[in-house]
Amino acid sequence: AMWRRSALTGAGLPLRASGRALRGLFGNKDIRFGNKVSHSERKTRRSWKPNAQNKRLWSETLEEFLKFKTTTYVLKCIDKVGGLDNYLLRTPDKKLNSITGLAAKRRIEEVLQQRQTLEGRGLEDASSTAASSNEGGRISS
């Protein structure tokens, strides 16, 4: 249900990535094909696979580990930008090219949105209670 390629068309993601890359954080790395060339120059088809690792990555916003199949390239990118949340939020959906990455990004955005609305309400409540307490505390002369 969550892994359907049709979910990608709405996000404007390319459909060329392998299913394996769509289910993890591969940073646009995927299987490449070419020829193995021997000394006699006989060509044999071969493939180069990305260096994919199963990793649990900490999300500061969600305060939990998220499991991803990710490439070492993406792990370096995550370190560079300062964590999984920053990587997912700063990377455009098209470049992310991952269903699981998009799902995690949407969860993080949802939590951040809820926190902002709660903080906004908290500030309004605090200012209205302060104003009402000032009115009641006036000294009449």
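A few comments on the model shown:
- Each Lys and Arg Cβ is given +1 and each Asp and Glu Cβ -1; about its Cα centre, segment 19-121 then shows a dipole of about 860 debye.
- Charge context of Val111, other residues only, Cβ under 12 angstrom, K/R +1, D/E -1: -2
- Counting 0.36 nm for each residue step from Arg16 to Arg90 and taking away their Cα separation leaves a gain of 24.4 nm.
- Surface accessible to a 1.4 Å probe, per residue, for the residues of segment 19-121, Å²: 68 Å²
The values are calculated or read from the model by the stated rules, or taken from the named source; none is laboratory data. None of the values given here were measured: they were computed from a predicted structure. Ideal geometry is used to build each Cβ from the backbone, glycine not excepted, and the neighbour counts take in all protein chains shown. Side chains included, ligands, DNA and RNA excluded: accessible areas come from the protein's heavy atoms. Shrake-Rupley method; radii C 1.70, N 1.55, O 1.52, S 1.80 Å.
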